[in-house]
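Colleague: Next up is a structure, given as structure tokens.
The values are calculated or read from the model by the stated rules, or taken from the named source; none is laboratory data. Just so you know, these numbers come straight off a predicted model, no measurement behind them. Positions of Cβ are generated from backbone atoms using ideal geometry, with glycine treated the same way; all protein chains shown enter the neighbour counts. To get the accessible areas, we keep the full protein, side chains included, count just its heavy atoms, and leave off ligands, DNA and RNA. Shrake-Rupley method; radii C 1.70, N 1.55, O 1.52, S 1.80 Å.
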Amino acid sequence: MAIPGKKPVISEPPESAAGPAAVKSVLSHLNDKTGLASGAASLLKMNQPGGFDCPGCAWPEETEHRKRLEFCENGAKAFADEATRRRVAPEFFAHYSLSELEEKSGQWLNEQGRLTQPMVKKPGADNYVPITWFSACELIARHLNALDDPNEAAFYTSGRTSNEAAFLWQLFVRAYGTNNMPDCSNMCHESSGTAMTQVIGSGKGTVRLEDFDHANAIFVLGQNPGSNHPRMLAALERAKAKGAKIVTVNPLNEPGSRNFRNPQKLSGWTGKGTDLTDLHVPVRVNGDVAFLKGLCKALLEAETANKGHVLDREFIKQYTTGFEDFAADVASTSWQSIEEGSGVGEAVIREAAEIAIKAHTTICCWAMGLTQHVNAVANIQEVINFLMLRGNLGKQGAGACPVRGHSNVQGDRTMGVWEKPTPDFLERLGAEFKFDPPQAHGYDTIECLRAMDAGKVKVFLAMGGNFAAATPDSDFVEQALRKVDLTVQISTKLNRSHLITGETALILPVLGRTETDRQPDGEQFVTVENSMGVVTRSQGRLRPASEFLKSEVRVVAEIAEAVVGPRSTIKWRFLADDYHRIRDHIGKVVSGLSSFNDRLYDDGQIELPHAVRDAREFATASGKAEFTVHPIAEPGTDPGHYMMTTIRSHDQFNTTVYSQNDRYRGISESRWVVFMSEADMAELKLEAGDAVDLVSSSGSSERRLEALSVVPYRIPRRCIATYYPEANPLIPFDAVATGANTPAYKSVPVRIIKA
Ligand SMILES: Nc1nc2c(c(=O)[nH]1)N[C@H]1C(S)=C(S)[C@@H](COP(=O)(O)OP(=O)(O)OC[C@H]3O[C@@H](n4cnc5c(=O)[nH]c(N)nc54)[C@H](O)[C@@H]3O)O[C@H]1N2
Ligand SMILES: Nc1nc2c(c(=O)[nH]1)N[C@H]1C(S)=C(S)[C@@H](COP(=O)(O)OP(=O)(O)OC[C@H]3O[C@@H](n4cnc5c(=O)[nH]c(N)nc54)[C@H](O)[C@@H]3O)O[C@H]1N2
Ligand SMILES: [Mo]
């Protein structure tokens, strides 16, 4: 958590992204954390054949245009953070009690370095003490095997976990007897998966990286690639060079999306950079349904004026259903309600539509700005409506591109880490390993928290992540976590989830992706799947941070052996001795990965099949892609309320905060801020730097954050922005995306009270 009270230093945001400033930032991170020479040598292996996959985001690496330096500033920071020379050893836990550590910020905790040894906190104790791996696994087994029902346990996964570890993990959880597998995806792109599965029959994106070279228009909605997917800027720059127009739809005009100085090219060091965005559409927070309806309305009106030249009638007729109802609804929606709902004028929406009409091929990219709202599923289905009007699905240079977050979050789902597995997957899993997997759906993240609070989850294991800080409604979550009997964190770095624990708690430290993974049968590599469905290998090369670390795969195997060993015929340790054996099983269970090992060696990478992208086949109820109708979201701000969104800075990876600065937004020394328009500030008689409290309410309960500094910013009126995770205590637990349960982190009505 941030330290309240500290004042930010506010300056003008920079005009361009990346460039020399990014290189300077990389060098200083490496120098502080890993030592410059060894850090730089290892970075050269990142995203290269035979090297390791970047532990940062899920943007695919280039193959055709691969550079010697195939990484970005933020990937380098994620690397340096894992490769740090600092250590959290048993002496650290002897020195600091849990009560003391709870007062420390998340940034401080992370800065203490890598976890080195298994630790246990016993009931009533206020310190962690060392425990052997064997005793830790026995302890887990005792707790799990004492439960009345396997559904009293839950198994969280964060998205850095490799395919091999994820596959073994879900196999263990199902062999134990539950589908309670909440994951970070539940807080992230769940809305995208749900929305797309309903209307196009697949939850994954329909574009390849090469499609960016063939796109005439690219819409980037609710995404900040400059900070969160910086390598995407290179793809946008190339598209731009070939004449593509780029439209960004975002309440903030993010510097990273405006101008890009490619540090991999000489011109990025000396020149002016590339102006990426042709049109910025400053929607109000949660104004996207209204904006997208406006866009479709402009397209339909243009078709009426110029019959046969705007819509792809062939596509609509052959591949879709529901067009008539959709068109009628759009026609009956007034421009006035579109302008009010989106906060954007008709002229700007028509300008965006004009770009789409002139483009033969359009890609829509999006991220959390669309997925984390109560009406998030509607947001994404409106994107699909818009794409379908001009046949932009299953066509080169076009398609839907939900840009995933964690580097293997998509792969973890492909491996079966899902609380709602398909019957088909379970059948193949059961046949391969000769057991009956549980059929009933398990808890997602929100349901898991509710069950914890109700005393129905008694044992909680987390494969990575920072469950306590990433989830909404922090006070509620912490209270729920403390009701659990045993919490287990399988982690690389210290975070809040190690401090907010059940009665008994374990920390199990693991190898990171950058480190050598040696097993009895030799050095191992793992695989990951990027945001575009391409599976590649990743092999760490650094010396492990401690001799006591185990790989995630090995830890899962040892826990599984202790918990279900005698009851199952699966040879857990044998599988972990050589990951090829795990991949052989994956090839038989997961469709699209047959002959997994052979193809990895032959081709280096495997592209998973995608029926929509490859064949315009839609596995929906109707067998067609479906147009859908959605109401414009209510502004949701009663008088006196502002709509708060939560954002990432340029110096964090999710709950891991590297510094209190946000170079791209001109903020330094404090993240305890609220971004606000000057007009709203004037109305409330606030000056830059003034302290305010934010209060959100749901039902009868109120949540409050105190003394945040006001920062004047170009953001639509009655909208404000704060940082994730600092603002998570304000996010009501019960505000979630309809149908997907993704927390509505990006539309929280709050009151502003002058402190
Ligand atoms: N360096 C770095 N890289 C990361 C991460 C990181 O924390 N740091 N996190 C990873 C993960 S897990 C994820 S999911 C992704 C997240 O990547 P992003 O989704 O890009 O991250 P956010 O900062 O949450 O929000 C994105 C944008 O949504 C805009 N926005 C907010 N509300 C609205 C709205 O109502 N409508 C619209 N149209 N826009 C809105 C914000 O202004 C912001 O620019 O990045 C991944 N990559
Ligand atoms: N307000 C608000 N809340 C949000 C969001 C938001 O936009 N706004 N975004 C949401 C999103 S998109 C996401 S994805 C979630 C993120 O939720 P999580 O994935 O749970 O959180 P992270 O901060 O990514 O987890 C960081 C921790 O993972 C561990 N770790 C790192 N690498 C490894 C590894 O290789 N193996 C293992 N076992 N552990 C490792 C380290 O201990 C580190 O401290 O947060 C969500 N919460
Ligand atoms: Mo995410």
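Colleague: Hey, how many Å between the Cα centroid of the range 563-579 and the Cα centroid of the range 348-382?
Modeller: 47
Colleague: What is the calculated FRET efficiency for Ile753 to Ser11, with r their C-beta to C-beta distance and R₀ = 41 Å, to the nearest 0.05?
Modeller: 0.95
Colleague: For Ala398, what is the net charge nearby, where nearby means another residue's Cβ is under 15 Å from its Cβ and Lys, Arg count +1, Asp, Glu -1? Numbers along the way, then the final one.
Modeller: Values: positive: Arg208, Lys242, Lys245, Lys358, Arg390, Lys395, Arg613, Arg616; negative: Glu210, Asp211, Asp213, Asp312, Glu314, Asp614.
With Lys, Arg at +1 and Asp, Glu at -1, the net is +2.
Colleague: Mind checking which of Gly369, Gly640, Ser670 is farthest towards the positive end of the chain's charge dipole, using Cβ charges of +1 (Lys, Arg) and -1 (Asp, Glu) about the Cα centre?
Modeller: Positive-end residue among those listed: Ser670.
Colleague: Moving on to the next point. For the range 33-174: lysine pairs with Cα atoms under 25 Å, gap of 8 or more or different chains, count?
Modeller: Lysine pairs, 8 or more places apart or on different chains, close enough: 10.
Colleague: Let me check I've understood the local charge: for Ser568, count other residues with C-beta under 12 angstrom from its C-beta, Lys and Arg +1, Asp and Glu -1. What total comes out?
Modeller: For residues surrounding Ser568, the net value is +2.
Colleague: By per-residue mean of other Cβ atoms within 10 Å, what is the highest-first order of 140-149, 190-199, 472-481?
Modeller: By packing density, highest mean first, the sequence is 190-199, 472-481, 140-149.
Colleague: Considering only C-alpha atoms, what is the centroid distance from the range 714-755 to the range 529-557, in Å?
Modeller: Between the Cα centres of the range 714-755 and the range 529-557 lies a distance of 35 Å.
Colleague: How big is the dipole moment of the range 190-402 about its Cα centre under a simple scheme where the beta carbon of each Lys and Arg is +1, that of each Asp and Glu is -1, and everything else is neutral? Debye, nearest 20, please.
Modeller: The calculated dipole for the range 190-402 is roughly 800 debye.
Colleague: Could you compute the FRET efficiency for Arg87 and Ser668, with r as their C-beta to C-beta distance and R0 at 30 Å, rounded to 0.05?
Modeller: Details: r = 29 Å, r/R0 = 0.96.
So, using R0 = 30 Å, E works out to roughly 0.55.
Colleague: Moving on to the next point. Cross-link partners among aspartates and glutamates for Lys624, C-alpha distance below 17 Å, same-chain residues fewer than 8 apart left out?
Modeller: Candidates past the 8-residue exclusion: Asp312, Glu314, Glu324, Asp325, Glu382, Asp614.
Colleague: Sticking with this structure for a sec: What's the carbon and sulfur percent of the range 637-754's accessible surface, probe 1.4 angstrom, rounded to a whole number?
Modeller: Ligands and nucleic acids excluded, carbon and sulfur reach 50 percent.
Colleague: Next question, about the same structure. Of the heavy-atom accessible surface of the range 35-145 (probe 1.4 angstrom), what whole percent is carbon and sulfur?
Modeller: Here carbon and sulfur together make up 55 percent of the probe-accessible area.
Colleague: Only Cα pairs under 8 Å and at least 6 apart count here; give the relative contact order of the chain as a rounded whole percent.
Modeller: Worked out over the chain, it gives 22 percent.
Colleague: How high is the relative contact order of the range 495-650, given as a whole-number percent (alpha carbon pairs under 8 Å, six or more residues apart)?
Modeller: 18
Colleague: Could you calculate the FRET efficiency of Phe134 with Glu503 from 1/(1 + (r/R0)^6), where r is the beta carbon distance between them and R0 is 22 Å, rounded to 0.05?
Modeller: Computed FRET efficiency for Phe134 and Glu503 comes out at 0.55.
Colleague: If you roll a 1.4 Å probe over the heavy atoms of the protein chains, what accessible area per residue do you get for the chain, in Å²?
Modeller: Value for the chain: 35 Å² per residue.
Colleague: Just subtract the alpha-carbon distance of Lys420 and Phe548 from 0.36 nm times their residue separation and send over the number in nm, one decimal.
Modeller: Values: separation 128, 0.36 × 128 = 46.08 nm, distance 3.51 nm.
Here the answer is 42.6 nm.
Colleague: Please give the charge dipole size of the chain, origin at the Cα centre, charges +1 on K and R Cβ atoms and -1 on D and E Cβ atoms. Round to the nearest 20 debye.
Modeller: 1400
Colleague: So how do Thr645, Thr321 rank on accessible area, 1.4 Å probe, biggest first, that is with the largest at the start?
Modeller: Thr321, Thr645
Colleague: Beta carbons within 10 angstrom, averaged per residue: use that to sort the peptides 13-22, 372-381, highest first.
Modeller: 372-381, 13-22
Colleague: At 222 nm, what helix-only mean residue ellipticity would the chain give, in deg cm²/dmol to the nearest 500, using -39500 (n - 2.57) for each DSSP H run of four or more?
Modeller: On the way: 31 runs with 274 residues, N = 755.
After summing the helix terms and dividing by residue count, I get -10000 deg cm²/dmol.
Colleague: Right, next: Counting only protein heavy atoms and using a 1.4 Å probe, what share of the accessible area of the range 190-402 belongs to carbon plus sulfur, as a whole percent?
Modeller: Summing carbon and sulfur atoms, their accessible area is 53 percent of the total for the range 190-402.
Colleague: For labels at Gln336 and Thr569 in the simple 7 Å Cα→Cβ model, what's the distance in nm?
Modeller: 7.2
Colleague: If you take the charge dipole of the range 431-569 about its Cα centre, with +1 on Lys and Arg Cβ and -1 on Asp and Glu Cβ, which of Gly540, Val457, Thr501 is farthest toward its positive end?
Modeller: So the residue furthest toward the plus end is Gly540.
Colleague: Okay, next question. Would you kindly state how much longer the chain becomes between Ala619 and Asp603 on full extension, computed as 0.36 nm times their sequence separation minus their alpha carbon distance, in nm to one decimal?
Modeller: Extra length available between Ala619 and Asp603 comes to 2.9 nm.
Colleague: Give the distance, in whole Å, between the Cα centre of the range 478-506 and the Cα centre of the range 101-178.
Modeller: 8
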